[in-house]
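Since every read-out is calculated from the coordinates, none of them should be taken as a lab result. What you see is a predicted model, and the numbers here were worked out from it, not measured in a lab. Cβ coordinates were reconstructed from backbone atoms using ideal geometry, including for glycine residues, and neighbour counts include every protein chain displayed.
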Amino acid sequence: MNYASAPKHWRFELPFPPISMTEFEKKVRRVLVVVPFAMSSENLALRVSQLQGLQFGDDIRFEYRAVKSGPANYASHHDFALADVANFEAGCRAQDEGYDAVCIDTMSDSGVHALRSVLDIPVFGPGKASMLTALMLGDKFSILTMASHWKPLYKKALDELGMHHKCASVRAIEAPTNNQSLLSGKEDEVYPRLLDAAMKAVEEDGAECLILGSTTMHQSHAWLQPRLPVPIINPGPLSYKIAASMLDLKLKHSTVGYPRPQNPRLDMLTAMLDAGAKSLAGGNA
């Protein structure tokens, strides 16, 4: 006897009709990840690899987009200003494009505030999120970074959070950086130096939790964590998990804290970045 011919009192009748595949696909939540440097598809794939080992349901999908143009590095306030514009432009139409959330793939959180002022969907960056999460795991944290010229990036976030007293140290290994190839090919050199800096942060500075200082360092996390006596936060993946959780909880940023612009200039913003990308492509910048 099959289900259709079974007596009705044997059956468990659903209170709603079955969901078709088309209807299910419409329910998949899309998260835009804005990558803060213009790059090739091959280098973009290194950013996408941050998803490896993370477990998400079938109802959420992360899509990566590199900015059109921007600073060559994130090492000064000049760079921060350009980065805010570049990341803002890349994500400012995410809601109209059907995305449910935005993540900014840089510890500087560049563009987060501006995006929150024009989007009703939640927007997250890994910088402040990593520092706040670290305080749920220990009383003080240290940041591991590749070079001292990145330190203004962390100072800016700590200033805004008022959390300098919770940062035990910023340890830089003074190694060459590459925001395109990341740490690929440099593992044998860089990983042990990061481990040495991490142990000094714990043993000498009093850190109870550690934070990787850049999403460009994400490849080192799996190697470092089992060798350390304290947790170490991988900032990019953390921001993805936070975005997924906030979507589940139906939480987003405050419209009181991030009011809408009275006269938005998104078309002007797009024209600026298109011109910047054209200038760089022509070797004029």
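What the table below lists for this structure:
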read-out	value
Total charge dipole magnitude, the chain, about the Cα centre, Cβ charges on Lys, Arg, Asp, Glu only, Debye to nearest 20	480
Sequence of SER214, SER110 once ranked by neighbouring C-beta atoms within 10 Å, starting from the fewest	SER214, SER110
Using a Förster distance of 22 Å, the FRET efficiency for ASP188-GLN52 (Cβ separation, nearest 0.05)	0.60
Residue (of PRO259, PRO235, LEU132) at the positive-pole extreme of the chain, dipole from beta-carbon charges	PRO259
Point-charge dipole on Cβ atoms (K/R +1, D/E -1) for the stretch 32-190, about Cα centre, debye to 20	480
Helix-only CD estimate at 222 nm, as mean residue ellipticity for the chain, using -39500 (n - 2.57) per DSSP H run (n ≥ 4)	-12000 deg cm²/dmol
All lysines inside 16 Å of LYS27 as judged from Cα atoms, apart from same-chain residues fewer than 8 positions distant	LYS250
Gap separating the Cα centres of the stretch 33-93 and the stretch 212-285, nearest whole Å	6
Subset of LYS68/LYS156; LYS140/LYS200; LYS128/LYS151; LYS151/LYS241; LYS128/LYS252 violating a 20 Å alpha-carbon distance limit	LYS68/LYS156; LYS151/LYS241
